[in-house]
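Worksheet: the structure to be examined is printed underneath.
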Protein chains: 2
Amino acid sequence: MSAIRLTDIPTRAPGNMDKKKTRKATHKLKKAIADLQNILYAEAKHSLLVILQGMDASGKDGAIRHVFNRINPQGIQVTSFKVPTPEEAAHDFLWRIHAHAPARGMMHIFNRSHYEDVLVTRVHGWIDDDTAHRRMQHINHFEQLLLDHQTTILKFYLHISREEQAKRLQERLKNPKKRWKYNPSDLEEAQKWHDYLHYYEEVFATCSPEIPWIIVPADQNWYKEFVIAEAVHQALKNMQLRYPRRASLASAGHAHNRKK
Amino acid sequence: MSAIRLTDIPTRAPGNMDKKKTRKATHKLKKAIADLQNILYAEAKHSLLVILQGMDASGKDGAIRHVFNRINPQGIQVTSFKVPTPEEAAHDFLWRIHAHAPARGMMHIFNRSHYEDVLVTRVHGWIDDDTAHRRMQHINHFEQLLLDHQTTILKFYLHISREEQAKRLQERLKNPKKRWKYNPSDLEEAQKWHDYLHYYEEVFATCSPEIPWIIVPADQNWYKEFVIAEAVHQALKNMQLRYPRRASLASAGHAHNRKK
């Protein structure tokens with residue numbers, strides 16, 4: 001596998017893509033995903049973990065809202081990983097992540113993830129290179145553990161241009177519907193753009209032996225949503241899901257919901 | 001490292017050990033452990049994980065009760081891993097284990113552990129060799145993750161003779177104080193003695209690259225308790241614990257208790 005250079009990858013849709021047609025295609029994919037998710041849940045054999053990473057304002061929240069909004073909420077769980085709580089920080093960095101790994105039959109989405117622990121931490125110099133490399137090995141082993149449990153993992157990097165990011169951060173200040181998302185630290189982080197690119201590229205090179213990263217051109221939401229929907233649909237199709245003939249022992253997976 | 005052959009290892013104390021003197025030594029060690037545990041908690045930098053494995057009636061419960069009963073319960077947590085609940089079984093085998101990994105400053109004891117997932121499962125043929133070997137690799141990676149988080153791990157195998165086990169299982173039936181521990185399936189499991197020995201020896205060979213197993217002669221409780229207390233004391237001493245001069249950020253570890 002050749003190294004991923006983000007600056008060589010477009011942040012916009014290919015020129016021949018038609019916005020209206022693509023939106024229609026996304027709409028169809030979303031319906032198909034909702035149907036497949038129902039079988040995933042009924043069969044309770046596989047699970048799906050969708051990891052969303054990307055710079056501030058790259059559209060992670062929007063992707064969740066617009067790609068997964070047709071899915072039965074009983075079978076999906078979204079976790080946003082923010083600054084670790086004191087209890088989380090007192091444990092190894094994968095402790096809080098593992099707690100949210102999907103049970104059989106479930107689809108989980110990580111809005112940011114364990115990858116922050118080898119990104120923001122490095123940009124700010126909170127951990128040294130050796131620690132970062134050990135963490136990336138731990139990440140690979142952890143993801144392998146999930147793969148062995150019939151969990152499919154999709155790792156998306158939402159790829160926006162620096163100009164688009166600046167525009168969106170400004171928009172957050174002006175638009176009262178978006179103002180709540182504005183965080184003064186976003187502007188400081190934006191200054192560290194190249195550092196983030198650098199450490200992301202190292203993640204792509206180190207943490208994808210079995211699960212390649214999907215780089216999503218994300219300047220246009222309609223294209224971003226299509227790329228994600230297509231990958232999710234394909235992943236579910238690859239599981240060769242089947243409705244079980246009867247309630248099986250495996251439906252233990254649903255204990256998850258029964259309990260809550 | 002040469003392979004461990006359990007049948008070559010005595011289940012009783014060396015002939016020159018004096019029971020009375022040894023009990024006194026254990027008593028002193030327990031006091032020292034309680035003092036060190038207080039610093040472990042105050043410093044909130046390291047943590048200790050004690051894993052207890054052994055055949056039925058090998059004295060795991062007794063070891064916990066008699067070696068750790070002087071410790072401030074605020075800094076210790078014991079987890080007994082029994083048959084997985086439906087929710088646990090719907091996740092990878094390390095999911096429920098990881099949830100109980102110690103926060104900085106804490107001492108956790110596992111009464112049985114993730115090792116059951118490569119022992120009882122193999123004796124009963126619930127998993128094949130390939131799955132078992134993959135699980136053992138996952139265990140090694142998982143324990144390495146904890147080591148990297150300043151967690152010291154002590155793995156004890158309580159080694160009793162088949163005769164001693166038979167005696168204790170009988171005792172459970174007769175003694176009203178022990179009757180509650182009697183489980184008819186214990187006798188069936190006891191029939192599989194040699195299978196258990198075999199799979200334990202494979203665990204010792206495969207899962208100890210960094211953390212060697214401590215084989216504890218366990219036919220006599222006084223000696224068993226001494227060996228465990230000595231190892232725990234040494235592990236805490238090796239941490240070079242120090243009372244911090246002031247409440248540090250690291251005391252975040254205590255969030256664990258504050259929350260409960």
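Observations on the structure shown:
- Looking only at region B:109-159, and only at residues there that are among the charged types (D, E, K, R) and within 14 Å of B:Gly54 (Cα to Cα), the one that is nearest to the other protein chains (Cβ to nearest Cβ): B:Asp117
- Subset tally (residues that are part of a loop (DSSP other than H, G, I, E, B) and surrounded by 14 or more Cβ atoms within 10 Å (Cβ to Cβ)) for region B:18-54: 3
- Of residues in region B:65-75 being within 16 Å of the chain's Cα centre (by Cα) and surrounded by fewer than 19 Cβ atoms within 10 Å (Cβ to Cβ), the one nearest to the other protein chains (Cβ to nearest Cβ): B:Asn69
- Matching residues, region B:203-244, being of a type in the set (Asp, Glu) and buried (at least 18 other Cβ atoms within 10 Å of the Cβ): B:Asp219, B:Glu225
- Any hit, region A:221-228, residues being in a helix (DSSP H, G or I), within 24 Å of A:Phe142 (Cα to Cα) and in contact with a helix residue (DSSP H, G or I) (Cβ under 7 Å, 6 or more places away or on another chain): yes
- Unmet requirement for A:Leu146, which otherwise passes all of (1) aliphatic (A, V, I, L, M); (2) within 28 Å of A:Ile9 (Cα to Cα); (3) touching a residue at least 60 places away in the same chain (Cβ under 8 Å): (2)
- Residue check for A:Arg162: under 29 Å from A:Tyr41 (Cα atoms), away from every other protein chain (no Cβ under 12 Å) and either over 14 Å from the mean Cα position of the chain (by Cα) or not polar (S, T, N, Q) (or both): no
- Residues of region B:82-116 that turn out to be over 23 Å from B:Leu40 (Cβ atoms) and outside any helix (DSSP H, G or I), as a count: 10
- Qualifying residue in region B:195-216 (condition: under 19 Å from B:Arg70 (Cβ atoms) and at pLDDT 95 or above): no
- Matching option when the condition is within 11 Å of chain B (Cβ to nearest Cβ) and buried (at least 24 other Cβ atoms within 10 Å of the Cβ), among A:Ala90, A:Ala99: A:Ala90
- Condition met for B:Lys174 (in contact with a helix residue (DSSP H, G or I) (Cβ under 6 Å, 6 or more places away or on another chain) and either surrounded by fewer than 20 Cβ atoms within 10 Å (Cβ to Cβ) or more than 14 Å from every other protein chain (Cβ to nearest Cβ) (or both)): no
- Per the listing B:Thr121, B:Thr131, B:Thr152, the residue uniquely outside any helix (DSSP H, G or I) and of a type in the set (S, T, N, Q) is B:Thr152.
- Inspection of region A:227-243 identifies no residue that is modelled with pLDDT of 95 or more and within 14 Å of chain B (Cβ to nearest Cβ).
- Entry remark, region A:55-79: residues being among the β-branched types (Val, Ile, Thr), touching a residue at least 40 places away in the same chain (Cβ under 8 Å) and in contact with a helix residue (DSSP H, G or I) (Cβ under 8 Å, 6 or more places away or on another chain) number 1 in total.
- In summary, B:Arg172 fulfils each of the numbered conditions (1) free of Cβ contacts under 8 Å to residues at least 40 places away in the same chain; (2) of a type in the set (Lys, Arg); (3) in a helix (DSSP H, G or I) with the single exception of condition (1).
The values are calculated or read from the model by the stated rules, or taken from the named source; none is laboratory data. Predicted model, so just to flag it, every value in this text is computed and none were measured. Glycine also receives a Cβ, built like all others from the backbone with ideal geometry; neighbour counts cover every protein chain displayed.
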